[in-house]
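S.K.: Quick one: the structure is below, questions incoming.
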Amino acid sequence: MDADDFLGSDDLVEQVDSEVKRVSDLFRFLLKYKEQFQASGIEFSDLREYQTSDDASRIDWKNSAKSPDLYVKEYEEEKDMDVFIVLDASDTMMFGTADKLKSEYCAIMTAALAYASVDAGMNVGFGIFGEDELVITPDGGNSQYQKVLHEVTKFENHGGQFDLEDALDSTIGQIKENTAVFIISDFLNVDHNWKSKMTVASKKFRHVLSIMVRDPRDHKLPESGNIRFQSVDGDQMVVNTSKVEDEFEEEALEQEEKIESQVKNGGGAFLKLETTKEFSAAFAEYFEGEGGGNW
């Protein structure tokens, strides 16, 4: 693939604007997103000994009964949560048999998340990880959305190998605790050394959601007999798909289930998307269903 085959900036802006307007009209994704992520106001912080200048109504009688001293509850204003998006930009993402390559689908999703974040008044940051690493720390406003939009449409930012452990390590080291982290990847060819980093990330950040994006051909081969396959580096081979399709589907399902298990065992949340489906509807369904109670 060359730069001429990749989704251009003008096309991406048009598609993102169209997609965001569509979901905003439905009031399902954007409003649910605001509800899930905006600060809730005041939250309990700690207990301390009662002072004569304190309002007596703040005395915690339950805890004070266990001690000879009186205690009052302390509260603090809950700080607005930031959003940070980790995007896999590896070679396997530059593949697709549907209307969009996985990289294009995820670029639009990333930009839409950034748009929704700044529209909700939150700071958003972005990291793209492939051959190189680029991190934009969280900030707010339309200019930040434009930065994300610009970087996801640059062809030179895509390609190479995605190291999930390094991506998590970079995020943990640079991003503050009160952040919702989205990890967008096909999770193909990732090593198995990232689970401990996922656990650390899940403990540090307020939320961690891993979004597995798959093309239909990532888990199901066409029933077409002999098919010529070509890797990103140009190597080719002919495979009789009728003979290997069952084994391929079983191994693909096993790999997907293993990734999901590792993410959840590490304390993170998990969502699988296919490039043939609108991500906005999947997000709305997730937050209204099993994901709603985890955020």
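Here, each number is a calculation from the coordinates, and none is a lab measurement. Here the structure is a predicted model, which is why all the values come from computation and not from measurement. Heads up, the Cβs are rebuilt from the backbone with ideal geometry, glycines too, and the neighbour counts pull from every protein chain shown.
S.K.: Return the ratio Rg/(2.2 N^0.38 Å) for the range 126-209, where Rg is computed over Cα atoms only. It would help to have the intermediate numbers written out before the result.
M.R.: Details: Rg = 13.1 Å, N = 84, 2.2 N^0.38 = 11.8 Å.
Computed over Cα atoms of the range 126-209, the ratio equals 1.11.
S.K.: Of the cross-linked pairs LYS73/LYS264; LYS73/LYS204; LYS100/LYS147, which ones have a Cα-Cα span greater than 32 Å in the structure shown? Display every interim value, and only then the final one.
M.R.: Numbers: LYS73/LYS264 34 Å; LYS73/LYS204 25 Å; LYS100/LYS147 22 Å.
Exceeds cut-off: LYS73/LYS264.
S.K.: Applying the Karplus parametrisation 6.51 cos²θ - 1.76 cosθ + 1.60 with θ = phi - 60° to the phi angles of the range 160-167, what ³J(HN,Hα) value in whole Hz is obtained for each residue in order, glycine and proline being reported as x?
M.R.: x, 10, 8, 9, 5, 4, 5, 4
S.K.: About the Cα centre of the range 123-213, what is the dipole size in debye to 20, counting +1 per Lys and Arg Cβ and -1 per Asp and Glu Cβ, all else neutral?
M.R.: Working: 8 positive and 13 negative charges, 110 e Å.
In total the dipole reaches around 520 debye.
S.K.: Please list, in chain and number order, the residues 5+ apart from LEU70 or on another chain whose amide H is under 5 Å from its amide H, with Hs placed from the backbone.
M.R.: Amide H neighbours of LEU70: TYR50.
S.K.: Which residues' amide hydrogens lie under 5 Å from the amide hydrogen of ILE85, considering only partners 5 or more residues apart or on another chain, with H built in the peptide plane?
M.R.: Sorted by chain and number, the residues that satisfy this are GLY125, PHE126, GLY127, PHE182.
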